[in-house]
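Scroll down for the structure; my scribbles are underneath it.
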Amino acid sequence: MNLQDPLNEWQADEAAVRPALIPAGVATREQLRERSGMDFLLGIMRGELPPAPIGELLDFVPVKVEPGLMVFQGTPGPQHYNPIGSVHGGYAATLLDSCVGCAIHSMLPTGKGYTTLELKINFVRALTDKTGPIRAEGKVIHVGGQVATAEGRIVDAQGKLYAHATTTCLLFAI
């Protein structure tokens with residue numbers, strides 16, 4: 001397989017999603033309450049609900065959602081750098097927190113919400129403006145009555161791992 005194929009596919013996926021997204025914002029309590037987690041996330045991708053402002057700030061977008069799975073894509077650049085010349089760890093942490101939290105959200109029924117209780121990250125290698133597009137892929141491990149867990153990975157188009165994380169989230173009625 002040509003190594004450019006995944007890159008071209010990723011670029012096409014992002015180009016397909018971006019036009020559907022409406023300006024970033026925060027959903028109302030009513031919008032959160034009236035939809036299941038999956039329907040809420042699909043509503044963002046269909047342009048019915050606003051994507052989170054943090055995605056606009058750090059320039060990442062949702063590219064895939066399925067029950068128990070959430071994928072965000074972004075391209076790290078110099079605007080994400082720390083003073084020592086690599087992408088700040090907060091960039092990767094934000095993408096990982098987003099993908100694992102949304103993976104859990106995708107499994108929640110109408111009227112249920114979540115918040116992060118714990119996020120554990122392992123940084124494997126530095127992200128730079130030469131890395132190219134990356135994906136933060138979150139997958140659910142377990143959803144219980146009050147607590148849910150998920151794991152996430154940041155990879156490039158060639159499958160190289162940059163960071164991985166686990167989360168524990170508190171579930172509650174909204």
Report whether or not Glu56 is more than 25 Å from Glu118 (Cβ to Cβ), among the acidic types (Asp, Glu) and part of a helix (DSSP H, G or I). yes
Residues of segment 62-92 satisfying the condition of being under 10 Å from Ala136 (Cβ atoms), in contact with a Leu (Cβ under 8 Å, 6 or more places away or on another chain) and either surrounded by fewer than 21 Cβ atoms within 10 Å (Cβ to Cβ) or of a type in the set (A, V, I, L, M, F, W, C) (or both): Met70, Phe72, Ala92
Can Asp129 be described as free of Cβ contacts under 8 Å to residues at least 60 places away in the same chain, among the charged types (D, E, K, R) and surrounded by 16 or more Cβ atoms within 10 Å (Cβ to Cβ)? no
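Kindly indicate which of Ile141, Ile154 is assigned to a strand (DSSP E or B) and surrounded by fewer than 17 Cβ atoms within 10 Å (Cβ to Cβ).
None of the other options fit; the residue is Ile141.
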For segment 73-88, the count of residues that are assigned to a loop (DSSP other than H, G, I, E, B), of a type in the set (S, T, N, Q) and closer than 13 Å to Gly132 by Cα equals 1
For the structure I just gave you, tell me whether Lys130 is farther than 17 Å from Gly68 by Cβ, assigned to a strand (DSSP E or B) and charged (D, E, K, R). no
From the list Asp97, Asp129, which residue is touching a Gly at 6+ places or on another chain (Cβ under 6 Å) and of a type in the set (D, E, K, R)? Asp129
Checking the structure you have, find out if any residue of segment 19-26 is in contact with a Ser or Thr (Cβ under 6 Å, 6 or more places away or on another chain), in a loop (DSSP other than H, G, I, E, B) and surrounded by 15 or more Cβ atoms within 10 Å (Cβ to Cβ). no
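Only the coordinates and a few stated rules stand behind these numbers; no lab work does. Everything numeric here is computed off the predicted structure, so don't read it as measured data. Quick reminder, even Gly has a Cβ in these numbers, built from the backbone with ideal geometry, and neighbours come from all protein chains shown.
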